[in-house]
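A quick write-up on the structure given underneath.
The values are calculated or read from the model by the stated rules, or taken from the named source; none is laboratory data. Quantities reported herein were computed from a predicted structural model and do not represent experimental measurements. With ideal geometry, Cβ positions are generated from the backbone for all residues, glycine too; neighbour counts draw on all protein chains shown. Only protein heavy atoms, including side chains, enter the accessible area calculation; ligands, DNA and RNA are left aside. Shrake-Rupley method; radii C 1.70, N 1.55, O 1.52, S 1.80 Å.
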Amino acid sequence: MTGVQTCALPIYVQMVSAKKYGVSPVQNRSEAEQRKSELVYIEASPYYHVDKLNRSIPYLVPRAANLLNEMGRAFYDSLQTKGVPLHKFIVTSVLRTNDDVKKLRRYNVNATENSCHLYGTTFDICYNRYVTVQPPGEPQRRAVRSDSLKWILSEVLRDMRMNNRCYVKYEVKQGCYHITVR
């Protein structure tokens, strides 16, 4: 177990925050397109990478988008401080529509009908894959084990959680941290 969580986090705690800070759930992608004024588009940044999204769309409420950017910068800073070659963490899920949730529930045991992802306040970060930052013209970076990067990421998430910025759930079967803004 990483340093992120010392006890099981009831999902309703994340749901209370999702409903407080999020948008009302959208039925499908067409409706999501009409609601973009309430959301921020999430794309790859210097600090994180957005995976190919099959069951979600790259939007968050501004509060959650700011948290994601701060987490990315803090992870980058931690790597630099520890002398670890730079890597980006990978965002694997963001805003889900009701239609996305229905499809996802067919094969994902962690997917719930009333998902925090419906509100634009929640995102998942993969803890077992990372993108190496390789500046042009520099020699090949040394390999870093994913469990070392996972530990550093868990420290960043723990600090954010301890500062009441978010809730973090460690999902074993999905290989990700499920994060909801506070």
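Points to keep in mind about this one:
- Which numbered condition SER146 misses (of (1) of a type outside the set (Asp, Glu); (2) over 17 Å from GLN174 (Cβ atoms); (3) without any contact (Cβ under 8 Å) to a residue 40 or more places away in the chain): (2)
- Complete set of residues in the range 119-142 that are among the basic types (Lys, Arg) and either under 18 Å from LYS173 (Cβ atoms) or open to solvent by less than 10 Å² (accessible area, probe 1.4 Å) (or both): ARG129
- Set ASP159, ASP99, ASP147: member being outside any loop (DSSP other than H, G, I, E, B) and either aliphatic (A, V, I, L, M) or under 23 Å from LEU67 (Cβ atoms) (or both): ASP159
- Qualifying residue in the range 110-118 (condition: part of a helix (DSSP H, G or I), open to solvent by less than 20 Å² (accessible area, probe 1.4 Å), without any contact (Cβ under 8 Å) to a residue 60 or more places away in the chain and on the phi < 0 side of the Ramachandran plot): no
- Which listed residue is touching a helix residue (DSSP H, G or I) at 6+ places or on another chain (Cβ under 7 Å) and outside any loop (DSSP other than H, G, I, E, B), from TYR177, TYR170: TYR177
- Tally of residues being open to solvent by 20 Å² or more (accessible area, probe 1.4 Å) and closer than 21 Å to VAL133 by Cα across the range 87-105: 2
- Subset of the range 53-70 [modelled with pLDDT under 95 and open to solvent by 60 Å² or more (accessible area, probe 1.4 Å)]: ASN54, ARG55
- When GLN14, GLN27 are screened for being open to solvent by less than 80 Å² (accessible area, probe 1.4 Å) and in a helix (DSSP H, G or I), only GLN14 passes.
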